[in-house]
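Reviewing the structure listed below.
Quick note: the coordinates plus some simple rules give every number you see, no bench work behind them. No experiment lies behind these values; they were computed from the predicted model shown. Here the Cβ positions follow ideal geometry from the backbone for every residue, glycine too, while neighbour counts run over all protein chains shown.
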């Protein structure tokens, strides 16, 4: 039985590569291309989680390694891949935790990103800041390339390991 998510992983990684090859025609387009590439890397990661769940016949699409591990545990199955991914997410400064932080920062429309904060009721108040949130560096082509390389290597390695079984 072929895995329907394998093609989605490959397509997202291919799109990320194609976006990397496009020459930007200005700062705004360069930023848009980097954000689009980040989107494709995140899609590849999410599709890979779904691919792992399908291999284990878990009947769902987990949104995180923790969810994948819980799904496997609920069916008395183990998932070493989920354990490795969860460890990478929890490790400060790892490529996967940095990728996740960049992805999350794309969806924050707060004072930190130039918008009006919901907590700033008065200009006299000091804006609140979530100190638990990881700081995110501005996207760069080099960083995206490192993330793509690490994600591709992880996917190939985990697939090769699964093929041995």
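Determine the gain in length on full extension of the stretch residue 124-residue 146; use 0.36 nm per residue of separation and subtract their C-alpha separation, reporting nm with one decimal. Mind showing how you got there, number by number?
Working: separation 22, 0.36 × 22 = 7.92 nm, distance 4.24 nm.
Once the chain is fully extended between residue 124 and residue 146, it gains 3.7 nm.
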Inset, instruction - Quote the convex hull volume per residue of region 55-95, based on C-alpha atoms, as a whole number of Å³. - result: 67 Å³
Legend entry - For region 1-93, the spread of Cα positions along each principal axis, largest first, Å: 53, 35, 15
Inset, instruction - Please give, to one decimal in nm, the separation of the simple spin-label points placed at residue 153 and residue 21, each 7 Å out from Cα toward the Cβ. - result: 2.3 nm
